[in-house]
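> My structure is below; once you've seen it, I'll send some questions.
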Amino acid sequence: MKRSLLVAMPPLLVLLIALLLWEGVVAAWKLPAYLLPSPSAVARACWEERARLGAGTLQTLMASVGGFGLAALIGVVAGSALGSSRMLQRGFYPLALLFQMVPLVAIAPLLVIWLGYGLRSTLAAAAIVAVFPVLASTLDGMRGTDAGLREIFGIYRAGRWARWWKLELPSAVPSIVTGCRVAAGLAVIGAVVGEFVSGYAGDQAPLGIVITASMREARTDLVFAAVALSACVGFLLFGIVSGLGWLLLRRWHASAVQEN
Amino acid sequence: MSVDGRALRGGLGVRVRDARVQFQGTDALANASVHIQSGEFLSIVGDSGGGKTTLLRAIGGLLALTSGSIDFTDVAGASVQVGPRDVGFCFQEGRLLPWRTVAANVALPLELEGVGKGERLDAAHAMLERMRLVGVERKMPSQLSGGMRMRVAMARALVTRPRLLLLDEPFGALDEFTRVALDEELLSLARESGATCVLVTHSIQEAVLLADRVLVLRGRPGVSQTPIAVSLPSRDEDGRMSLEFASLCAIVQRELRAGSERAA
Ligand SMILES: Nc1ncnc2c1ncn2[C@@H]1O[C@H](COP(=O)(O)OP(=O)(O)O)[C@@H](O)[C@H]1O
Ligand SMILES: [Mg+2]
């Protein structure tokens, strides 16, 4: 408890000082709210528009969590498939690398065509950007399986399935956890960018739509509020994934086990 | 097939004839011939890089010979094929799965063979009991000392009741006290299981203390010499202090040194 406080204190302090400075600068230069709203103005907007922002946050959270979940599933399955077959890996991995370089904003209109406006599209957008790190880390982790342990499985004539489920996948878990943490952050980015293009603009509009709409109305305070909330969604998802990862990795690290 | 019926089958005999192994055209093992008797304990010593590991792996079927042959026989001397349960391996690194408990690690060979959960855990438990490892079954390998990890690795190697136990410098990374304790453990295990044991070690004392015969692989790549028969009044503390022990160590030492002089 004391240690977590020690970790949390410094960045919170820095954040507080930055907000105070920001507040001071806006007041001193009398900056117009459409250019740079003060933190207190943003907080006020948060409160006044809480219904809209709350609904938007929920939509973005669903797209991010759903997209991340889908990406984790597809990434581990596809990564495992590529990891178990040299042929598949040669055929598909370079294409996966290339595919990953296609900018999401360029694909988003296609998602609208195929999936329509709304959660299905934004969830898909989140999944698309998040899948590659999971796939790559799964593949990497599997390939990094200790040769000595592989030999043990060979000695006892383990089948392909047993090799994967009992050796390669567990070996890859630390790497997969790292990949998933990266993917968690990316999923939120993917969701919000997806929403810019394919978000459903109604009373349940997601944060990406709140941002673009507020920008057009020169409600910069709302833009800031929505940005801050999407960052919170990112933190939340990252926190959950890190926590789950810690629970899994506990089995690999003696120190973590002994603390209990 | 039940786990217990295996103890009766007796150790495997191994006939190695003119074994030669090359890696990328260079010899790792030049010429090894030895006839290991059923139930015998054979130690292999030799220069580092002389091909001891290579010979052991070839016997275990982990790599193919470039030329020569390795055959297995039963107690009666009849030729037999070996299955995955017949051979147990013990490596210096232990090679335990870090994400599995001790019990699940020991049960692994049976699990991979499709033995049911209850039966394999019972077998693992019995083996751990025999290795005096009761109480650590639910621990993770990283929570154990080096000596305990090695005992777990030995328990895993023995859980299938192998007829041939291959040990590659199993205690090389341990301190002297732990090593002596494990040597004694290994000796009694080898005797009660009836399995043939082949131990690679860099310690001449260990080789002599445990073995019925010591095989010297001389030079680099190694060439096998005529095995040196070991007869000691006892294998305990007194045995280690005996004149016979000292003179056998000296004989092995001389056999080895002749090799390094030739190489130099
Ligand atoms: N997989 C391998 N590929 C290439 N060379 C190898 C391989 N394994 C062993 N060697 C070489 O074969 C020789 C014998 O190795 P090894 O059997 O490990 O010796 P020892 O166990 O007696 O120290 C060494 O020169 C080693 O470098
Ligand atoms: Mg070696």
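The values are calculated or read from the model by the stated rules, or taken from the named source; none is laboratory data. These numbers come from a predicted model, not from an experiment. Neighbour counts are summed over all protein chains in view; Cβ atoms, including those assigned to glycine, are modelled from backbone coordinates with ideal geometry.
> When you go through B:56, B:62 one by one, which is the residue that is surrounded by fewer than 18 Cβ atoms within 10 Å (Cβ to Cβ) and either within 14 Å of chain A (Cβ to nearest Cβ) or without any contact (Cβ under 8 Å) to a residue 40 or more places away in the chain (or both)? So that I can check it myself, show each step before the final result.
Values: B:56 fails: surrounded by fewer than 18 Cβ atoms within 10 Å (Cβ to Cβ).
Exactly one residue qualifies, and that residue is B:62.
> Going by the structure shown, is residue A:18 closer than 18 Å to residue A:232 by Cα, among the small types (Gly, Ala, Ser) and surrounded by 12 or more Cβ atoms within 10 Å (Cβ to Cβ)? Working first, answer last.
Working: closer than 18 Å to residue A:232 by Cα: yes; among the small types (Gly, Ala, Ser): yes; surrounded by 12 or more Cβ atoms within 10 Å (Cβ to Cβ): no.
No.
> When you check residue B:96 against the structure, is it surrounded by 16 or more Cβ atoms within 10 Å (Cβ to Cβ) and modelled with pLDDT of 90 or more, yes or no? It would help to see each step written out before you state the result.
Numbers: surrounded by 16 or more Cβ atoms within 10 Å (Cβ to Cβ): yes; modelled with pLDDT of 90 or more: yes.
Considered against the rule, which asks whether it is surrounded by 16 or more Cβ atoms within 10 Å (Cβ to Cβ) and modelled with pLDDT of 90 or more, residue B:96 comes out as yes.
> Continuing with this model, one more query. Out of the residues in the stretch A:170-200 that are polar (S, T, N, Q) and within 14 Å of chain B (Cβ to nearest Cβ), which is farthest from residue A:243 (Cα to Cα)?
Filtering the stretch A:170-200 for residues polar (S, T, N, Q) gives A:171, A:175, A:178, A:198.
Retained after the next criterion (residues that are within 14 Å of chain B (Cβ to nearest Cβ)): A:171, A:175.
Details: A:171: 19, A:175: 15 Å.
If we take residues in the stretch A:170-200 being polar (S, T, N, Q) and within 14 Å of chain B (Cβ to nearest Cβ), then A:171 is farthest from residue A:243 (Cα to Cα).
> Now for a different question. Taking the condition touching a helix residue (DSSP H, G or I) at 6+ places or on another chain (Cβ under 6 Å) and among the small types (Gly, Ala, Ser), does residue A:148 pass?
Numbers: touching a helix residue (DSSP H, G or I) at 6+ places or on another chain (Cβ under 6 Å): no; among the small types (Gly, Ala, Ser): yes.
The answer is no for residue A:148.
> Of the residues in the stretch A:164-177, how many are without any contact (Cβ under 8 Å) to a residue 60 or more places away in the chain and of a type outside the set (Phe, Trp, Tyr)? Break it down stepwise before answering.
The initial filter retains those residues of the stretch A:164-177 that are without any contact (Cβ under 8 Å) to a residue 60 or more places away in the chain, namely A:165-167, A:170-171, A:175.
Now drop any that are not of a type outside the set (Phe, Trp, Tyr), which leaves A:166-167, A:170-171, A:175.
The qualifying residues number 5.
> For the stretch A:98-151, name all the residues that are closer than 19 Å to residue A:88 by Cβ and among the acidic types (Asp, Glu).
A:140
> With a cut-off of at least 2 residues that are within 16 Å of ligand 2 (Cβ to nearest atom) and touching a helix residue (DSSP H, G or I) at 6+ places or on another chain (Cβ under 7 Å), name the strands (runs of 3 or more DSSP E) lying wholly within the stretch B:16-129. Spell out the reasoning first.
On the way: elements: B:26-36, B:41-46, B:67-73, B:87-91.
In the stretch B:16-129, B:26-36, B:41-46, B:87-91 are the strands (runs of 3 or more DSSP E) which contain 2 or more residues that are within 16 Å of ligand 2 (Cβ to nearest atom) and touching a helix residue (DSSP H, G or I) at 6+ places or on another chain (Cβ under 7 Å).
> Look through B:38, B:43, B:79 and report the one residue that is closer than 29 Å to residue B:253 by Cα, away from ligand 1 (no atom under 16 Å from the Cβ) and of a type in the set (Gly, Ala, Ser). It would help to see each step written out before you state the result.
Numbers: B:43 fails: away from ligand 1 (no atom under 16 Å from the Cβ); B:79 fails: closer than 29 Å to residue B:253 by Cα.
Within the list B:38, B:43, B:79, the selection yields B:38.
> Related question: Among (1) touching a Pro at 6+ places or on another chain (Cβ under 6 Å); (2) over 13 Å from residue B:196 (Cβ atoms); (3) more than 16 Å from ligand 1 (Cβ to nearest atom), which single condition is residue B:88 missing?
Single failed check for residue B:88: (2).
> Quickly run through the stretch B:78-87 and pick out the residues that are within 9 Å of chain A (Cβ to nearest Cβ) and touching a residue at least 24 places away in the same chain (Cβ under 8 Å). Break it down into steps so the answer makes sense when it comes.
Residues of the stretch B:78-87 that are within 9 Å of chain A (Cβ to nearest Cβ), as a first pass: B:83-85, B:87.
Residues satisfying the conditions are B:84, B:85, B:87.
> Having 2 or more residues that are within 14 Å of chain B (Cβ to nearest Cβ) is the bar; report the helices (runs of 4 or more DSSP H) wholly within the stretch A:82-157 that clear it.
Where helices (runs of 4 or more DSSP H) fall fully within the stretch A:82-157 and carry at least 2 residues being within 14 Å of chain B (Cβ to nearest Cβ), they are A:147-155.
> Go through the stretch B:227-264 and report how many residues are at pLDDT 85 or above and among the hydroxyl-bearing types (Ser, Thr, Tyr).
2
> Related question: Conditions: (1) without any contact (Cβ under 8 Å) to a residue 40 or more places away in the chain; (2) surrounded by fewer than 18 Cβ atoms within 10 Å (Cβ to Cβ). Residue B:124 meets all but one. Number of the miss?
Evaluating residue B:124 over (1) without any contact (Cβ under 8 Å) to a residue 40 or more places away in the chain; (2) surrounded by fewer than 18 Cβ atoms within 10 Å (Cβ to Cβ) leaves (2) as the failure.
> Out of the residues in the stretch A:118-127 that are within 10 Å of residue A:195 (Cβ to Cβ) and not aliphatic (A, V, I, L, M), which is modelled with the lowest pLDDT?
As a first pass, look at the stretch A:118-127 and keep what is within 10 Å of residue A:195 (Cβ to Cβ): A:118-119, A:121-122, A:125-126.
Okay, now just the ones that are also not aliphatic (A, V, I, L, M), so A:118, A:121-122.
On the way: A:118: 91, A:121: 94, A:122: 95.
Per the criteria, the residue is A:118.
> Residues of the stretch B:160-175 being within 13 Å of ligand 1 (Cβ to nearest atom) and away from chain A (no Cβ under 14 Å), which ones?
B:172
> Moving on. Just wondering, is there one or more residues in the stretch B:3-14 that are in contact (Cβ under 8 Å) with a residue 24 or more places away in the chain and within 15 Å of ligand 1 (Cβ to nearest atom)?
No; the residues of the stretch B:3-14 include none that is in contact (Cβ under 8 Å) with a residue 24 or more places away in the chain and within 15 Å of ligand 1 (Cβ to nearest atom).
> Does the stretch B:112-132 contain at least one residue that is of a type in the set (A, V, I, L, M), modelled with pLDDT of 90 or more, touching a Phe, Trp or Tyr at 6+ places or on another chain (Cβ under 7 Å) and within 23 Å of residue B:59 (Cα to Cα)? Lay out the reasoning, then the answer.
The initial filter retains those residues of the stretch B:112-132 that are of a type in the set (A, V, I, L, M), namely B:112, B:115, B:121, B:123-124, B:126-128, B:131.
Filter once more, keeping what is modelled with pLDDT of 90 or more: B:112, B:115, B:121, B:123-124, B:126-128.
Still in the running and touching a Phe, Trp or Tyr at 6+ places or on another chain (Cβ under 7 Å): B:112.
Cutting the leftovers down to within 23 Å of residue B:59 (Cα to Cα) gives us B:112.
Yes - at least one qualifying residue is present in the stretch B:112-132.
> Can you find even one residue in the stretch B:134-147 that is under 27 Å from residue B:234 (Cβ atoms) and either part of a helix (DSSP H, G or I) or modelled with pLDDT of 90 or more (or both)? Give the steps one after another, and end with the answer.
From the stretch B:134-147, those under 27 Å from residue B:234 (Cβ atoms) are B:147; that's our starting set.
Then keep just the ones that are either part of a helix (DSSP H, G or I) or modelled with pLDDT of 90 or more (or both); that gives B:147.
The answer is yes; a qualifying residue exists.
> In contact with a helix residue (DSSP H, G or I) (Cβ under 6 Å, 6 or more places away or on another chain), surrounded by fewer than 24 Cβ atoms within 10 Å (Cβ to Cβ) and either touching a residue at least 40 places away in the same chain (Cβ under 8 Å) or hydroxyl-bearing (Ser, Thr, Tyr) (or both): is that true of residue A:193 in this structure? Let's see the steps before the verdict.
Numbers: in contact with a helix residue (DSSP H, G or I) (Cβ under 6 Å, 6 or more places away or on another chain): yes; surrounded by fewer than 24 Cβ atoms within 10 Å (Cβ to Cβ): yes; either touching a residue at least 40 places away in the same chain (Cβ under 8 Å) or hydroxyl-bearing (Ser, Thr, Tyr) (or both): yes.
The answer is yes for residue A:193.
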